[in-house]
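All remarks here apply to the structure that follows.
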């Protein structure tokens, strides 16, 4: 879920809490000043005003809700949680539980967010935004069965939602149901062909299924919509490398220029340089690939072999030891990772 949608949900949930507590006018004045600053978008000054109000009168109703919302708007989700927890301990509500869940979501603590959201979503089964948020939490915390169930329910309400088709495709892919995942991305691409990543996601699934011609067409479609899509460029380079085409190096290097953290581009350049016996350049690329993804089995294995081939015995032994550890617990992450935490 985008940050914009999180903020929209926060605004819908918070309403306009007013302070009906007249015993301390100084505290009330600071609280109202905080509200005024927040309405102008100056959340830092709002926080300071709320803190002054709390220092004068810590029992002012709604003060921690407003303080939490100001922290939330600044993206300081940990402080928001502290404030929401205090307010919820005094005046429990589904609204505050949802705000707590959204804050954990902002921290990428998706399992905790899901636990908070479950009872609230169950009490509001027609609230599609809550269901969508909960489904994403399930997806990104590895609870794929639960995620798929909610995404399917959402598609019953809106069969043409490209976003839901894509997320359901990710969940299916994570369950090794690649053929079904392809169908979902095809539906998404048909419903909204200019949606960011829809063609890349479909291309990735075709690539994974070794349908390289179809994958190439989708990567090119993504680049037509978004010419600087580094991953699409990198996977085109990978396909060219597999075919032995000279264009591979140019695509891989261009992908790195657009985004130096595209792991497959460094891995493939390492393979390309190794084949050309440019060993130092190959080693450098494999090292970059490992730096981006330390769990990358292939990069460690190729680097280990290259170290051994170039007489770097101690480095080779260290890499082979890492390869062995990775092999023992090897469970390649199947999730496409196009919409979630990168």
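A short reminder: the numbers here are calculations on the coordinates, not readings from a lab. Computed from a prediction, not measured in an experiment: that's the story for all the values here. Here Cβ is always computed from backbone atoms with ideal geometry, including for glycine, and neighbour counts include all displayed protein chains.
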Q) Of 146, 245, 184, how do they rank once you tally other Cβ atoms within 10 Å and put the fewest first? A) 245, 146, 184
(Q) Quick check: the angle from helix 43-56's long axis to the longest principal axis of the chain, C-alpha only, nearest 10 degrees? (A) 40 degrees
Q.
What whole-number distance in Å separates the alpha-carbon centres of region 119-160 and region 31-50?
A. 34 Å
(Q) Quick check: pseudo-label points 7 Å beyond the Cα along Cα→Cβ at residue 55 and residue 297, how many nm apart are they? (A) 5.8 nm
Q | C-alpha long axis of helix 63-73 to longest principal axis of the chain, angle in ° | A | 30 degrees
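Got a sec? How would 144, 50 order by Cβ neighbour count within 10 Å, fewest to most?
Numbers: 144 20, 50 29.
Result, fewest neighbours first: 144, 50.
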Q. With each pseudo-label sitting 7 Å past Cα toward Cβ, what's the residue 42-residue 254 distance in nm, one decimal?
A. 4.8 nm
(Q) On C-alpha positions alone, give me the angle between the axis of helix 3-14 and the longest principal axis of the chain, in degrees, nearest 10. (A) 20 degrees
**Q.** Which of 207, 140 has the fewest Cβ neighbours within 10 Å, and the rest in rising order
**A.** 207, 140
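Can you give the extra length, in nm with one decimal, that the chain gains between residue 314 and residue 210 once fully stretched, where that is 0.36 nm per residue apart less the Cα-Cα distance?
So the chain would gain 33.8 nm between residue 314 and residue 210.
Per DSSP H run of at least 4 residues, take -39500 (n - 2.57); add these up for the chain, divide by its residues and hand me the 222 nm value, nearest 500 deg cm²/dmol.
Working: 19 runs with 254 residues, N = 342.
When only DSSP H runs of four or more count, the value is -23500 deg cm²/dmol.
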Q: Starting from the Cα-Cα distance between residue 287 and residue 175, subtract it from 0.36 nm times their residue separation and give me the gain in nm to one decimal.
A: 37.3 nm
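Please report, in cubic angstrom per residue, the volume enclosed by the convex hull of the alpha-carbon atoms of the chain. Kindly include the intermediate steps, with their values, before the conclusion.
Working: hull volume 55.7 nm³, N = 342.
For the chain, the hull spanned by Cα atoms encloses 163 Å³ per residue.
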Q: Quick one: check the C-alpha center-to-center distance for region 264-278 versus region 217-255, whole angstrom.
A: 15 Å
Q. Does region 44-116 come out rounded, prolate or oblate by the C-alpha gyration tensor, with a ≥ b ≥ c the root eigenvalues, rounded set by a/c under 1.5 and, if not, prolate when a/b is larger than b/c and oblate if not?
A. oblate
Q: Determine the gain in length on full extension of the stretch residue 127-residue 153; use 0.36 nm per residue of separation and subtract their C-alpha separation, reporting nm with one decimal.
A: 8.2 nm
